[in-house]
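Remarks on the structure that follows.
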Amino acid sequence: MDRQSFILVGILLLEAIIGCAVADLVEDKQALLDFLQTIPHAHTPNWNKDSSVCQSWTGVACSADSSRVISLRLPGVGFRGPIPPNTLGRLSAIQILSLRLNNFSGPFPSDFSNLRNLTALYFQFNSFSGLLPQDFSAWKNLAIIDLSNNGFSGSIPSSMSNLTHLSALNLANNLLSGEIPDLNIPSLQELNLANNHLTGMVPPSLQRFPSWVFAGNNLSPEITPPSISPVEPPNPQPTKKSSKLSESALLGIIIGGCVLGFVLSALLIILCYSNPDKNKETSSKKPQKKEGSLKKKGAAAESQEKDNKIVFSEGCNYAFDLEDLLRASAEVLGKGMFGTTYKAALEDSTTVVVKRLKDINVARREFDQQMQTVGQMRHENIAPLRGYYCSKDEKLLIYDYYSQGSVSSVLHGGGGEKRILSWDIRMQIAIGTARGLAYIHTQNNGKFIHGNLKASNVFFNEQRYGCISDIGLATIINPIPPTSARAAGYRAPEVIDTRKAFQASDVYSFGVLLFELLTGKSPLHTTNGNESIHLVRWVQSVVREEWTAEVFDVQLLRYPNIEEEMVDMLKVGMACVDKTPEKRPKMPEVIKLLEDIRRGSSANRPSSEIRSEGSSSPAATAAAAEMGQSSMLQQTQIAFSSAMQSQADSAASQSQAEPPAAAPQ
């Protein structure tokens, strides 16, 4: 009986503990919902009262047992106004609170004294005002305080000296006045009190920090050394003796220091010359050290930080900063001529594409102007530039993430399962890309150039039309860097010769893209015999030998009544890749040609879709190909021969008046 009672009591205690934990989490969840409902905000985090606060809420982290909310990070959400009382102040277990880069106003919340477990408080870049709390003893665990770039006034509370775990304190760019208290905290490693209205002298305990920490105040330049009261010796003899002892001791110290310094110098020289590889390795790591210090310097040079923050394009709804981006998990999507592209998953579940540029040696002002021009482009066939980051050592571009992948990955199967693109979808890719490129060419008074058009830079918009990305980089790099083997297939002859991009060379690249859509082949590919094939030259040679039907992708044989459309698109592609830039059509003309092809398509063809390779059985595919291939080859050859006859006659008449043209390059 006693044993059963003991077990029963244990079960009841366990249920009570679990019940308390659940009740605490429910209370934390309600506190957050009350906060969100009572304060204006520009962006709404995905806080659903029916979802798990610990698993799916943006910016919220819970304890290991999921019993309490211990971290809240909401930078740049667009909150404005005072923090509502009796909301966040109820999160009694919270340890990290980050509300930076918003527009909070009003005084420091008085009910934050309940947050006794706080270890880090980030309130920088808001509009808080009023006095700081005079008693910081409630937050004994605080290690980081950043209240910079607000409007706090009054004096710095002397009670901060009781924060024995404090390692970083940033109160820069406020309206604080009075004298600096003696913050004798051994753990304090980072301090910034710059640009306030502080007066008096720097306390002895803070004189170990550099002068910029106190810049922009009304402090006295004099630093008072610790005073030593003179002591009269009882008689001159001990003084003389002590003087001799101190002189000899000082002499010994000097000699010993010189010897030790000489030995250390000799050892350092020996080590440097005996291990040059290690020295090189150390020097190669210096840029990484610099980048790390740039990230950690905080408000040491606030104006420089402002210049180096992420610049979002107008109308962008993203709410993160560089720190969030650097913390994001990254997956490499590809490497190109201008840098590496990553898929970045941020802590708030936002997914973006980040292009890290390499070897972009361009003036900051020119880079800003170009990116702002690109960021202002709005077109349904343009992948918008959402933001960019620019510093001396790092340049990042931020785009939306397109889950369907690029045209290159879908058409050629790179990075995943190969999918079959129907003829209708290929037409939509061509028309959408043409519209986007034509829009680009109208920018900057009709002088803007893409300069790097290729299938890996074309994505699918919501209507599954082509959507162009990676705009405007080629024009700020002069000359264009040497092209990789893959990119060389898109380069017009004049770009290869001069390493400069033109609108006509964009048209050439678009023609190569049309050939990709028609043939299903890459611009540069290898045969089974490892022979390298240049797509443009191959298409031109096949057409010249009058084997035109061999050009088209075998996967297109399943779609009936498209022979004339394919031939017409091939004609457009041939015109775009003309060796002479002046003979290539302008993009508005290309759009009209493609849309005419689209309007002439048969109404009884199957609806367009992107199907996976396994969506139709191999037997059905093979049967359709076998039944249609013979008739399609004949019809295509006849259609192409008829369509190209006028071009051939024109070329023949031109050849009588001019010397023979060189073979296509």
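Any idea which residue in the stretch 184-200 is surrounded by the most Cβ atoms within 10 Å (Cβ to Cβ), counting only those that are in contact with a helix residue (DSSP H, G or I) (Cβ under 7 Å, 6 or more places away or on another chain) and in contact (Cβ under 8 Å) with a residue 24 or more places away in the chain?
Leu193
Just name the residue that is modelled with the highest pLDDT out of those in the stretch 455-498 that are part of a loop (DSSP other than H, G, I, E, B) and of a type in the set (Val, Ile, Thr).
That would be Ile471.
Any residue in the stretch 365-388 that's at pLDDT 90 or above: show its pairings with residues that are surrounded by fewer than 15 Cβ atoms within 10 Å (Cβ to Cβ) and of a type in the set (Val, Ile, Thr) at Cβ separation under 8 Å, as long as the two are six or more apart or on different chains.
Here the result reads none, with nothing in the stretch 365-388 linked to a residue that is surrounded by fewer than 15 Cβ atoms within 10 Å (Cβ to Cβ) and of a type in the set (Val, Ile, Thr).
Considering only residues that are assigned to a loop (DSSP other than H, G, I, E, B) and either in contact with a Gly (Cβ under 9 Å, 6 or more places away or on another chain) or not assigned by TED's automatic domain parsing to the domain that holds Thr87 (or both), which ones fall in the stretch 135-156?
Selection gives Ser148, Ser155, Ile156.
Under 21 Å from Arg378 (Cα atoms), under 25 Å from the mean Cα position of the chain (by Cα), part of a helix (DSSP H, G or I) and not hydroxyl-bearing (Ser, Thr, Tyr): is that true of Leu437 in this structure?
yes
Just to be sure I understand the filter: pairs with C-beta atoms under 8 Å, separated by 6 or more residues or on different chains, first member in the stretch 103-125 and of a type in the set (Val, Ile, Thr), second member part of a loop (DSSP other than H, G, I, E, B). Which pairs pass?
Thr119/Gln95; Thr119/Asn141; Thr119/Leu142; Thr119/Ala143; Thr119/His165
Give all pairs with beta carbons closer than 7 Å in which a residue from the stretch 567-592 that is more than 17 Å from Ala438 (Cα to Cα) meets a residue that is outside any helix (DSSP H, G or I); count only pairs at least 6 apart in sequence or on separate chains.
As it stands, the answer is Asp578/Arg584; Lys579/Pro664; Lys579/Gln665, since those pairs meet every condition given.
Scan the stretch 410-425 and give yes if some residue there is in contact with a Gly (Cβ under 9 Å, 6 or more places away or on another chain) and under 16 Å from Asp470 (Cα atoms), otherwise no.
no
Hey, among the residues in the stretch 540-559 that are at pLDDT below 85 and surrounded by fewer than 17 Cβ atoms within 10 Å (Cβ to Cβ), which one's nearest to the chain's Cα centre (by Cα)?
Among residues in the stretch 540-559 that are at pLDDT below 85 and surrounded by fewer than 17 Cβ atoms within 10 Å (Cβ to Cβ), the one nearest to the chain's Cα centre (by Cα) is Glu550.
Please work out which residue is surrounded by the most Cβ atoms within 10 Å (Cβ to Cβ), limiting yourself to the stretch 440-454 and to residues that are assigned to a helix (DSSP H, G or I) and not polar (S, T, N, Q).
Ile440
Scan the stretch 206-215 for residues that are over 34 Å from the mean Cα position of the chain (by Cα), farther than 18 Å from Asp146 by Cα and either in a loop (DSSP other than H, G, I, E, B) or at pLDDT 90 or above (or both) and report the count.
Number of matching residues: 2.
Report, by residue number, each residue of the stretch 358-390 that is of a type in the set (Asp, Glu) and under 30 Å from Arg464 (Cβ atoms).
Selection gives Glu380 alone.
Just a yes or no: is a residue in the stretch 348-356 assigned to a strand (DSSP E or B), surrounded by 20 or more Cβ atoms within 10 Å (Cβ to Cβ) and either over 14 Å from the mean Cα position of the chain (by Cα) or in contact (Cβ under 8 Å) with a residue 60 or more places away in the chain (or both)?
Yes, because at least one residue in the stretch 348-356 is assigned to a strand (DSSP E or B), surrounded by 20 or more Cβ atoms within 10 Å (Cβ to Cβ) and either over 14 Å from the mean Cα position of the chain (by Cα) or in contact (Cβ under 8 Å) with a residue 60 or more places away in the chain (or both).
Looking only at the stretch 109-130, how many residues end up being buried (at least 19 other Cβ atoms within 10 Å of the Cβ) and part of a loop (DSSP other than H, G, I, E, B)?
The qualifying residues number 7.
Between a residue in the stretch 37-56 that is buried (at least 17 other Cβ atoms within 10 Å of the Cβ) and any residue that is not in a loop (DSSP other than H, G, I, E, B), which pairs come within a Cβ distance under 6 Å, given they are 6 or more apart or on different chains?
Partner pairs satisfying both residue conditions: Ile39/Gly81; Trp47/Leu36; Val53/Lys29; Val53/Val60; Cys54/Cys62.
Restricting the search to the stretch 80-99, which residues are over 23 Å from the mean Cα position of the chain (by Cα) and either surrounded by 20 or more Cβ atoms within 10 Å (Cβ to Cβ) or under 13 Å from Leu118 (Cα atoms) (or both)?
Ile83, Thr87, Leu88, Gly89, Arg90, Leu91, Ser92, Ala93, Ile94, Gln95, Ile96, Leu97
Quick one: in the stretch 329-338, which of the residues that are touching a residue at least 24 places away in the same chain (Cβ under 8 Å) and not aromatic (Phe, Trp, Tyr) is nearest to Val77 (Cα to Cα)?
Among those residues, the one meeting the criterion is Ala330.
Name every residue in the stretch 128-140 that is under 23 Å from Ala31 (Cα atoms) and at pLDDT 90 or above, in order of residue number.
Matches in the stretch 128-140: Phe128, Pro133, Trp139.
The values are calculated or read from the model by the stated rules, or taken from the named source; none is laboratory data. Quick caveat: nothing in here was measured; it's all calculated off a predicted structure. Please note: Cβ atoms are built from the backbone with ideal geometry, for glycine as well, and neighbour counts cover all protein chains shown.
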